[in-house]
Every structure is written in structure tokens, then in C-alpha cells.
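One structure is given below, encoded as C-alpha cells.
The values are calculated or read from the model by the stated rules, or taken from the named source; none is laboratory data. Keep in mind that what you see is a predicted model, and the values were worked out from it rather than measured. Glycine gets a Cβ as well: all are built from the backbone with ideal geometry, and neighbour counts include every protein chain shown.
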Amino acid sequence: MESAKYSPETVKRAKDLREKQGLPYVEIARRTGIPQSTVKDWAVKQKWSAPPLIEAQAISDPTDPKVIQIEELERKLQATKAELSRVKTVHKILQTKYDDLTEQVGVIEKVGLPVLEPIQKKKPSGATEATAFMVASDWHIEEEVTPESVNMLNEYNVGIAEKRATKFFQSGLRLTEIIDRDVKITTIVLPLLGDFVTTDIHEENREVAGLLPMEAVEAAQCFIANGINFLLDNSPYDLVIPCHVGNHSRTTKKIFIATEHGHSLEFLMYKNLALLFQNQNRIKFEIKRAYHSYLPVYDLLLRFHHGHGMLYRGGVGGLYIPVNKSIAQWNRARRADLDVFGHYHQMKDGGNFISNGSLIGYNPYAIRIKADYEPPRQTFFVIDSKRGRTFTCPIFVE
């Protein structure tokens with residue numbers, strides 16, 4: 001037997017170096033003089049044990065490659081132990097959370113989750129009705145605006161006026177039909193608030209007029225009559241038409257306040273339109289001789305006028321200050337819930353008033369008075385029988 005070559009003390013010393021100090025085989029061989037292979041055979045056959053950590057100080061040659069490898073293994077072992085400790089901690093935390101969630105799920109299963117009701121498509125109730133308004137004013141159909149005169153921002157002539165007037169009636173009816181899907185509409189109010197023509201009240205108007213005053217009134221009457229026929233032929237709605245003269249259609253140099261209507265070409269135009277549709281039971285014209293006219297709509301009272309009875313004077317507050325001052329004074333005589341007017345070529349919703357836009361759009365006069373730029377448009381709004389005025393928007397005519 002190989003161990004017989006060595007004394008029992010030498011063999012015991014080799015075993016102690018391995019089991020008690022955990023030295024590698026190469027170091028045991030160096031210290032005892034026993035070949036490394038022999039020491040390894042003894043250790044395997046006799047099942048020697050060795051401590052897991054090797055004391056670095058017990059190794060006489062720390063530069064030995066095998067010693068360095070052992071130290072590297074020791075570092076990896078320590079890192080592995082640290083990672084194992086971290087994983088155990090994380091596992092403990094996750095286990096606690098899992099237990100809490102499991103308990104919550106058990107409670108939910110007993111109580112039951114809340115059920116969210118889906119949003120259903122709303123069907124018209126038919127319990128309310130509304131009236132639509134298509135406000136028409138300030139068409140100035142014979143006044144020509146060349147692109148060069150307004151920096152290419154607009155162009156206008158009689159032909160364009162006719163197209164925009166047609167678009168006004170088409171778009172107004174379309175908006176009415178949209179609202180009518182949910183709220184029953186039976187009537188369209190079509191306020192004709194004046195200045196459909198420019199005429200020659202100022203000398204310079206003659207230079208930009210495409211038609212003579214009488215020709216312009218005739219053309220405007222045709223545009224409006226064609227639009228009314230369009231509404232009658234393409235809808236079931238009744239029409240209420242309040243009519244007011246503007247300041248441009250007069251035959252006098254200055255405005256005659258008490259008899260303004262008697263010197264207005266538009267007043268004659270309205271009368272002709274009323275005669276034209278006198279046999280049509282779906283239309284009611286309201287042609288007043290006063291500056292104001294009033295129309296009750298459900299619980300509200302509306303006041304119509306052209307708008308030239310208010311002095312604007314280009315104030316810092318724009319339309320709002322002079323309009324509200326005028327409304328306050330008029331309300332002392334007869335209160336109205338809403339004033340509707342044109343004249344200023346600006347579409348504004350002031351809450352207690354609606355100012356209409358224009359069909360002609362931006363022109364040299366607007367530039368001169370430093371008016372806000374506004375595209376050609378008129379005004380559409382709706383009054384609900386229960387909720388009052390609910391919808392206001394422009395009628396774009398291009």
C-alpha cells in the first residue's frame with residue numbers, strides 16, 4: 001500500500017493539513033514531501049474533509065496561480081451568499097404582498113365588483129321644441145371689392161354676392177336640420193335687417209357700384225326670394241320674417257328719423273316680397289315702421305333693428321360698451337331679453353345681444369376704420385323652449 005512508504009506521523013500530518021487547515025494538495029505535498037497525486041488519492045479513498053474557506057495566511061506562496069484561483073472562488077462564494085440573502089429578503093416581501101392581494105381578492109369575490117353601466121345612445125325625447133334663426137344683413141350686393149384694394153384678402157361683386165346668398169340659405173337650412181335631429185323645430189325666423197344694397201348715399205359709392213340703386217334693389221329682392229323658395233321647397237318649416245331697413249338704402253342725403261322707412265328702397269323691397277308670397281300660408285312677414293320690432297319666442301322677448309341707432313365711435317371696448325349702454329336705455333321703456341342687429345359687419349355674441357356679420361366681408365372701408373378682419377359670414381342661433389338660447393354659430397358663405 002502506498003501509505004506504507006511513509007510513517008504514520010507523516011500520513012497523519014498530511015490528513016490534518018487537509019482536514020483542519022484546508023490546504024490544497026500541492027501545499028500539503030510541499031510540506032510533507034508526499035507526492036501531490038498520492039495525497040489526493042488518500043483524500044479521495046479515505047474521504048478526507050476540508051473546511052469551505054481557506055486561510056490565506058496559511059499559504060506560504062500567495063503568488064501561486066492555484067492559490068489565486070482559490071481566492072477568486074472565495075470572492076465568488078461570498079458574492080453568491082450576499083445575493084442569496086438579497087433574494088430571500090425580496091422573496092419575503094413579495095410573499096407578504098401576495099398574501100395581502102390574495103386576501104383582497106377573497107373579499108372582492110364575496111362582495112362583488114361594481115359594474116359600470118355602458119353609455120347608451122340617446123334618443124330624441126320629443127318633449128321640447130326649438131326655433132332656429134338665420135340672420136341676414138349687410139349684403140351690399142352691388143358694391144365691388146377688388147383683391148388689390150384689400151391686400152388680396154377678399155373679392156366681391158354681384159356674381160359673388162349671388163353665390164354667397166345661395167350658400168347662406170343652403171348652410172342655414174343644413175344647420176337647422178342638424179339641430180332638428182334631437183329637438184323638434186317647426187319654425188325658422190329669418191330676420192332681414194337691412195343694408196342689402198349700398199346705393200349712392202356717398203359720392204364714392206358710385207365708383208364701386210356694379211349696379212344702379214334700383215337695379216341693386218331688384219337683384220337683392222331676387223336673391224332673397226330665391227332663398228325663401230329654396231327653404232319652402234326643401235323643408236317643412238314655417239317662416240317668420242322680421243324686416244328692418246338699413247341706413248344705406250335711403251333716398252335722402254341724411255337719415256330722416258321719424259320717417260326713415262318712407263325714404264328707404266328696402267322698405268319697398270320688403271313690401272314687394274310680402275306681396276310675392278302673400279298666398280303662402282307658411283310665411284309671415286313682420287314689416288315694422290319703427291326702428292325696433294319685438295318678437296316673443298317662448299318665454300323670451302327678442303328685439304330686432306339694423307343697428308345704426310347705436311353710436312359706436314370706435315371705442316376701446318369695441319361694440320360692447322355702446323351696445324350695452326343703448327340696450328340699458330331701451331330696456332327702461334320696454335325690456336327685451338336679446339337684441340339682434342347688423343350694421344357693424346362683425347359677428348359678436350354679447351350674451352344679451354347678437355351682432356351679425358356681413359356677406360360682403362372685408363373691404364377698404366373696414367381697413368380705413370381699423371375694423372377687425374372677419375370673413376364673410378352671417379349668424380345662426382337656436383332658442384329652446386325649455387333652456388333658452390342654446391346654440392350660436394356662424395353661417396359661412398364661402
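Remarks
- Output for the range 319-350, where each listed residue is within 15 Å of D372 (Cα to Cα), without any contact (Cβ under 8 Å) to a residue 40 or more places away in the chain and surrounded by 16 or more Cβ atoms within 10 Å (Cβ to Cβ): L319, Y344, Q346, K348
- Filter result for I360 (in contact with a Phe, Trp or Tyr (Cβ under 9 Å, 6 or more places away or on another chain), in a loop (DSSP other than H, G, I, E, B) and either over 23 Å from A220 (Cβ atoms) or at pLDDT 95 or above (or both)): yes
- When each of F256, F169 is tested for being hydrophobic (A, V, I, L, M, F, W, C) and in contact (Cβ under 8 Å) with a residue 12 or more places away in the chain, the lone residue that passes is F169.
- Comparison of T251, T259 shows that the only residue that is under 24 Å from A209 (Cα atoms) and of a type in the set (V, I, T) is T251.
Here is a yes/no grid of residues against (1) of a type in the set (A, V, I, L, M, F, W, C); (2) under 28 Å from C393 (Cα atoms); (3) within 35 Å of the chain's Cα centre (by Cα):
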{"position": "D182", "(1), (2), (3)": "no, yes, yes"}
{"position": "T187", "(1), (2), (3)": "no, yes, yes"}
{"position": "I201", "(1), (2), (3)": "yes, no, no"}
{"position": "A209", "(1), (2), (3)": "yes, no, no"}
{"position": "C222", "(1), (2), (3)": "yes, yes, no"}
{"position": "N229", "(1), (2), (3)": "no, yes, no"}
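- Exclusive hit being hydrophobic (A, V, I, L, M, F, W, C), closer than 25 Å to E144 by Cβ and surrounded by fewer than 14 Cβ atoms within 10 Å (Cβ to Cβ), set M269, M214: M214
- When residues of the range 186-200 are limited to those that are in contact (Cβ under 8 Å) with a residue 60 or more places away in the chain and closer than 18 Å to F304 by Cβ, the one surrounded by the fewest Cβ atoms within 10 Å (Cβ to Cβ): V189
- Flag if N234 is at pLDDT 95 or above and either more than 42 Å from the chain's Cα centre (by Cα) or loosely packed, with under 14 Cβ neighbours inside 10 Å (or both): yes
- Cross-chain or 6+ apart pairs with Cβ under 9 Å, the range 201-224 first and on the phi > 0 side of the Ramachandran plot, then hydrophobic (A, V, I, L, M, F, W, C) and part of a loop (DSSP other than H, G, I, E, B): none
- Filtered residues of the range 16-39 (kept if outside any loop (DSSP other than H, G, I, E, B) and either of a type in the set (V, I, T) or crowded, with 17+ Cβ neighbours inside 10 Å (or both)): L17, R18, Y25, V26, E27, I28, A29, T32, T38, V39
- The lone criterion from (1) at pLDDT 90 or above; (2) surrounded by 10 or more Cβ atoms within 10 Å (Cβ to Cβ) left unmet by E71 is number (1).
- The set of residues from the range 376-387 being without any contact (Cβ under 8 Å) to a residue 60 or more places away in the chain and either part of a loop (DSSP other than H, G, I, E, B) or over 24 Å from the mean Cα position of the chain (by Cα) (or both) is empty.
- Residue under evaluation A220, criteria (1) surrounded by fewer than 24 Cβ atoms within 10 Å (Cβ to Cβ); (2) part of a helix (DSSP H, G or I); (3) not hydroxyl-bearing (S, T, Y), criterion not met: (1)
- Meets criteria (exposed (fewer than 14 other Cβ atoms within 10 Å of the Cβ), in a loop (DSSP other than H, G, I, E, B) and among the aromatic types (F, W, Y)) for Y373: yes
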